[in-house]
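For reference, the structure discussed in these notes is given below.
The values are calculated or read from the model by the stated rules, or taken from the named source; none is laboratory data. Bear in mind the structure is a predicted one, so any value in this text is a computation, not a measurement. FYI the Cβ positions are ideal-geometry reconstructions off the backbone, even for glycines, and counts take in every protein chain you see.
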Amino acid sequence: LTEKQEIDDLEKRCKLPMVGSDSWERFEELPISRKTISGLKRANFIKMTDIQRKALPLGLCGRDILGAAKTGSGKTLGFLVPMLENLYRKKWGPQDGLGALVISPTRELAVQIFEVLRKIGREHSFSAGLVIGGKDWKIERELITRMNILVCTPGRLLQHMDQSAGFDCDQLQVLVLDEADRILDMGFKKTINAIVENLPKQRQTMLFSATQTKSVKDLARLSLKEPEYVAVHEKA
Ligand code: ADP
Ligand code: MG
């Protein structure tokens, strides 16, 4: 199977309703590229968690997602897999610029997401960087202009949007807001709104949160388009 044939096949299968997907348990049953499946396997990700089973069929089909599930339920792969696949199916490459942004409340969480991305994305050829401050500003400013995927903390990202000429988000395809409740608890509401204003309106947005507060819903209303709501609640 050539890459073009694979992408044609994935595009055919990434349509809703994805018949049968309710009963799928393994990542490889989903319409996901060989490269991502292989990265998942090497990291020992074989069976999906509940939030992944619910979110992935929708995310792979390009839908906006408002996802809620407690800490530790596997939300990271719920957005990283659709993000990688979205760019792969568009044959995103070095000349295409920034394709995806992941925003995380803290440096520590951003580093964790980046590590998972490196593992499952290892066979893809996307460039990816961390933008979390604490590094040399000039070097960071230079590097981010060459990245396809950035994992960022809100303050540092907005600083680059405001001050780094040549940092261009005009082609962005995917925006992820992870741990949205914590982002808001930490007082980043205005920062996020300013970031979102700098992004193209036509994009896929996935917002994940451990809790669904009113302020998370307000943020969702501002940043998502006809979102699918996916939640996993603990059994009583
Ligand atoms: P959350 O963001 O919901 O708090 P994470 O995405 O950080 O959860 O995942 C929590 C833990 O579960 C991590 O150690 C991760 O490696 C593991 N994990 C996630 N998805 C799977 C899976 N499908 N199979 C096995 N382990 C998984
Ligand atoms: Mg998480």
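Return the total of residues in the stretch 35-44 being away from ligand 1 (no atom under 12 Å from the Cβ) and free of Cβ contacts under 8 Å to residues at least 60 places away in the same chain.
The total comes to 1.
Among what's in the stretch 74-103 and is charged (D, E, K, R) and surrounded by fewer than 24 Cβ atoms within 10 Å (Cβ to Cβ), pick the residue that is farthest from ligand 2 (Cβ to nearest atom).
91
Listed residues 70, 47; which is basic (Lys, Arg) and in contact (Cβ under 8 Å) with a residue 40 or more places away in the chain?
On the way: 47 fails: in contact (Cβ under 8 Å) with a residue 40 or more places away in the chain.
None of the other options fit; the residue is 70.
Looking for whichever is more than 13 Å from ligand 1 (Cβ to nearest atom) and closer than 21 Å to residue 54 by Cβ here; the options are 77, 157, 172, 66. Which one fits?
Residue meeting the stated conditions: 66.
Of everything in the stretch 20-67, what is closer than 23 Å to residue 178 by Cβ and polar (S, T, N, Q)? Give them in sequence order.
The answer is 33, 36, 44, 49, 52.
I'd like to know if the stretch 37-46 contains one or more residues that are within 15 Å of ligand 2 (Cβ to nearest atom), surrounded by fewer than 17 Cβ atoms within 10 Å (Cβ to Cβ), over 23 Å from residue 89 (Cβ atoms) and at pLDDT 95 or above. Before you say what the answer is, go through the steps one by one.
Start the filter on the stretch 37-46 by keeping residues that are within 15 Å of ligand 2 (Cβ to nearest atom), which leaves 45.
Cutting the leftovers down to surrounded by fewer than 17 Cβ atoms within 10 Å (Cβ to Cβ) gives us none.
No, the stretch 37-46 contains no residue that is within 15 Å of ligand 2 (Cβ to nearest atom), surrounded by fewer than 17 Cβ atoms within 10 Å (Cβ to Cβ), over 23 Å from residue 89 (Cβ atoms) and at pLDDT 95 or above.
Go through the stretch 4-21 residue by residue and tally those that are without any contact (Cβ under 8 Å) to a residue 24 or more places away in the chain and either charged (D, E, K, R) or at negative phi (or both).
8
Out of all the residues in the stretch 141-170, which are basic (Lys, Arg) and touching a His at 6+ places or on another chain (Cβ under 9 Å)?
141
Which residues, taken from the stretch 112-122, are without any contact (Cβ under 8 Å) to a residue 40 or more places away in the chain and more than 10 Å from ligand 2 (Cβ to nearest atom)? Step through it out loud before you land on a result.
Kept after step one, since they are without any contact (Cβ under 8 Å) to a residue 40 or more places away in the chain, are these residues of the stretch 112-122: 112, 114-115, 117-118.
The answer is 114, 115, 117, 118.
From 197, 228, grab the single residue that is modelled with pLDDT of 95 or more and in contact with a strand residue (DSSP E or B) (Cβ under 7 Å, 6 or more places away or on another chain).
None of the others qualify; the one that does is 228.
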